[in-house]
């Protein structure tokens, strides 16, 4: 039986790990390669790097990080942040990424999703959706949560599936960094609308939140950063807890 | 000994290269090439594959003499060959992804889309699933039944000759996820991304 995945996410800036609270106030906390290795040895089902390097001159640092990590970690590695073109995707894959997540560029130019999924296969194209509630709907934000595109997140998710995305990484902007749990309504609505796997993200503060994301949100995988990164829980503890709640995990 | 990973420009093979190099250390030479002359003289071949069945077959055929060389290696010389993911699917007679496409015809059967049962099962089948070992296979030495492997695919290989099947996995139905036919080995899952268990399978292949 297919297991639900636990994916620790590492925010990387200028080649170093940071974790943002509501996308600002970054704290430096280590070497991404070592962190990724600790996670994969600890049973992480995948590793996710989100590159939040702002300046173009430092953008190459992520390629080095990916290249080093892929020589040490033998679980899937997803890399996102600042991906602008099919060429960027190609470069990350060549460095050893297994999947590339595309955010702003997918909103601005969905042809990149179409072209890259045709060229490299849907299996390595993840579309990341940052969504924020506005009335009774959710809107897609771009540029690390700074710009509101005004696009309806549910409709957008369906379009991305049709454009060739292999998975969706759905982050609630309202919940990110708050540790009060996923936006279950958002996650479950998108999950039931599409036929591709969904990774839930944004807001995890305890292990029950992971359980909710899978049971109520119907997510195939749950992504979390701070609860693992600051040592509140290990991936192993998370898996044991999920298993005790009847969720199938790889042990 | 030389193990050659065939680089026929179909998708991303850096993970395959990294994992084989990790396992081989410096004891076995891992070569990455599309040069027919080098493949002819090697000891073992790894055939990866990403993207669609059709794009992989097209990419193989676009390299002059490569398909003939692989046929000679696997069928006439009967040297060990491991296909991974679409590299494994191409063993079939025919695939139906994008368009009906003739495969390598090494193991009779076809490659069809996994039945998602009207949306009950999400596709691609992505993540860790357990494998059911159904016969002894040299590459599964010391691998336990129900081991977890990493999968990512929407199409499945349905061989007509059930004797070649070495493992299955459960997703929508019981589908074939590994074959062994004499010197030909294939896995639908990605041993290069399946943590220590996957590296063990790679080690078994290298040490055949």
Criterion: buried (at least 20 other Cβ atoms within 10 Å of the Cβ) and more than 26 Å from residue A:125 (Cα to Cα) - qualifying residue of B:16, B:28, B:23, B:6: B:23
State yes or no: is residue A:79 more than 10 Å from chain B (Cβ to nearest Cβ) and under 24 Å from residue A:55 (Cβ atoms)? yes
Of the residues in region B:43-65, those that are modelled with pLDDT under 95 and either more than 15 Å from residue B:103 (Cβ to Cβ) or away from chain A (no Cβ under 14 Å) (or both) come to B:50
Has region A:102-118 got any residue that is closer than 23 Å to residue A:77 by Cα, in contact with a helix residue (DSSP H, G or I) (Cβ under 9 Å, 6 or more places away or on another chain), within 14 Å of chain B (Cβ to nearest Cβ) and buried (at least 19 other Cβ atoms within 10 Å of the Cβ)? yes
Answer with yes or no whether residue A:218 is within 14 Å of chain B (Cβ to nearest Cβ), part of a loop (DSSP other than H, G, I, E, B) and free of Cβ contacts under 8 Å to residues at least 60 places away in the same chain. yes
Single residue of region B:1-14 satisfying the filter (at pLDDT 95 or above and in contact with a helix residue (DSSP H, G or I) (Cβ under 8 Å, 6 or more places away or on another chain)) that is farthest from the other protein chains (Cβ to nearest Cβ): B:4
Take residue B:99 and tell me if it is loosely packed, with under 15 Cβ neighbours inside 10 Å and within 14 Å of another protein chain (Cβ to nearest Cβ). yes
Looking only at residues in region A:221-241 that are surrounded by fewer than 23 Cβ atoms within 10 Å (Cβ to Cβ) and within 14 Å of chain B (Cβ to nearest Cβ), which one is farthest from the chain's Cα centre (by Cα)? A:236
Residue count for region B:181-202, restricted to those that are within 15 Å of the chain's Cα centre (by Cα) and either buried (at least 20 other Cβ atoms within 10 Å of the Cβ) or assigned to a helix (DSSP H, G or I) (or both): 15
Screening B:22, B:31 for residues that are away from every other protein chain (no Cβ under 14 Å), under 18 Å from residue A:71 (Cα atoms), in contact with a helix residue (DSSP H, G or I) (Cβ under 7 Å, 6 or more places away or on another chain) and modelled with pLDDT of 95 or more leaves only B:31
Checklist (1) over 27 Å from residue B:59 (Cβ atoms); (2) assigned to a loop (DSSP other than H, G, I, E, B); (3) at pLDDT 95 or above applied to residue A:54, failing item: (3)
Check on residue A:178, at pLDDT below 95, surrounded by fewer than 20 Cβ atoms within 10 Å (Cβ to Cβ) and within 14 Å of chain B (Cβ to nearest Cβ): no
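Across region B:136-158, which residue is nearest to the other protein chains (Cβ to nearest Cβ) among those that are assigned to a loop (DSSP other than H, G, I, E, B) and touching a helix residue (DSSP H, G or I) at 6+ places or on another chain (Cβ under 7 Å)?
B:147
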Wholly within region B:77-135, which strands (runs of 3 or more DSSP E) include no fewer than the required count, namely at least 2 residues that are within 30 Å of residue A:44 (Cβ to Cβ) and touching a strand residue (DSSP E or B) at 6+ places or on another chain (Cβ under 7 Å)? B:81-84, B:125-133
For region B:159-206, name all the residues that are touching a strand residue (DSSP E or B) at 6+ places or on another chain (Cβ under 6 Å) and within 11 Å of another protein chain (Cβ to nearest Cβ). B:169, B:171, B:190, B:193, B:194
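If you go through region A:57-72 one residue at a time, how many are more than 9 Å from every other protein chain (Cβ to nearest Cβ) and in contact with a helix residue (DSSP H, G or I) (Cβ under 7 Å, 6 or more places away or on another chain)?
5
The values are calculated or read from the model by the stated rules, or taken from the named source; none is laboratory data. Since the model is a prediction, treat every value here as computed from it, not as a measurement. Don't worry about glycine lacking a Cβ; one is built from the backbone with ideal geometry, like all the others, and counts go over all protein chains shown.
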